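Written below as structure tokens is the structure these notes are about.
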Amino acid sequence: MIFENSEVDYSTSEMKVSVEEFSGFQSDDGSKCFIVKVSGEVNIFSAKNLKALIEEIAKDGNRKICLDLADLRYLDSSGIAVFIGAHALLRRKNSDLILFSIPPQIDRIFEMTRLKPLFKIAANADEATRKAAGET
């Protein structure tokens, strides 16, 4: 599904994305939660589209973005930059980024770059949405 507030399809030949607003989401701060499924490769060619999508979702602030990385096969430095930038952007907009279902090869990249502590990480969608709602 294309982000419903946008006329743009953010997928590329390398990367497919789908966005779903989590309808059952409830938080004390009234924020909205979006599940973004990222498949394929986030590389120099596709990273700008993922960045644009995250910016589109975050523009109104008070958003929780849960990135489902289960089908992400490849992540280069451009993709890492998108995740770091998204984290910073969302913090400025009273929002949050949660990564979940991270494949082992992608998890190793976060470990090697020592970026893992920067992100909120969850094992699955249920845990991610609980973290987004402020539950532990």
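State which residue is surrounded by the fewest Cβ atoms within 10 Å (Cβ to Cβ) when the search covers only the range 73-98 and only residues that are charged (D, E, K, R) and assigned to a strand (DSSP E or B). Restricting to residues being charged (D, E, K, R) and assigned to a strand (DSSP E or B), the top hit is 73.
The combined condition, being at pLDDT below 95 and surrounded by 12 or more Cβ atoms within 10 Å (Cβ to Cβ), is fulfilled by residue 132.
Total residues in the range 6-22 satisfying the condition of being closer than 15 Å to residue 132 by Cβ and outside any strand (DSSP E or B): the figure is 1. Taken over the range 17-64, the criterion of being at pLDDT below 95, hydrophobic (A, V, I, L, M, F, W, C) and more than 15 Å from the chain's Cα centre (by Cα) is satisfied by 25 alone.
Has the range 99-107 got any residue that is in contact with a Leu (Cβ under 7 Å, 6 or more places away or on another chain) and hydroxyl-bearing (Ser, Thr, Tyr)? Checking the range 99-107: at least one residue is in contact with a Leu (Cβ under 7 Å, 6 or more places away or on another chain) and hydroxyl-bearing (Ser, Thr, Tyr).
Scanning the range 23-56 for residues that are touching a Phe, Trp or Tyr at 6+ places or on another chain (Cβ under 7 Å) and assigned to a loop (DSSP other than H, G, I, E, B) gives a single hit, 43. Taking (1) over 23 Å from residue 9 (Cβ atoms); (2) among the hydrophobic types (A, V, I, L, M, F, W, C); (3) not in a loop (DSSP other than H, G, I, E, B) in turn, residue 70 satisfies each apart from (1).
Can you find even one residue in the range 2-16 that is modelled with pLDDT of 95 or more and within 12 Å of the chain's Cα centre (by Cα)? Checking the range 2-16: not a single residue is modelled with pLDDT of 95 or more and within 12 Å of the chain's Cα centre (by Cα). The single condition from (1) hydrophobic (A, V, I, L, M, F, W, C); (2) open to solvent by less than 30 Å² (accessible area, probe 1.4 Å); (3) farther than 18 Å from residue 122 by Cβ that residue 69 fails is (3).
Restricting attention to the range 100-123 and to residues that are loosely packed, with under 12 Cβ neighbours inside 10 Å and in contact (Cβ under 8 Å) with a residue 12 or more places away in the chain, the residue that is farthest from the chain's Cα centre (by Cα) turns out to be 105. For the range 81-99, a residue qualifies if it is in contact (Cβ under 8 Å) with a residue 40 or more places away in the chain and among the β-branched types (Val, Ile, Thr), and exactly one does: 82.
The values are calculated or read from the model by the stated rules, or taken from the named source; none is laboratory data. This one's a predicted model, so the numbers in the text were calculated from it and none came from an experiment. Cβ coordinates were reconstructed from backbone atoms using ideal geometry, including for glycine residues, and neighbour counts include every protein chain displayed. Heads up: the accessible areas ignore ligands, DNA and RNA and are worked out on the full protein's heavy atoms, side chains in. Shrake-Rupley method; radii C 1.70, N 1.55, O 1.52, S 1.80 Å.
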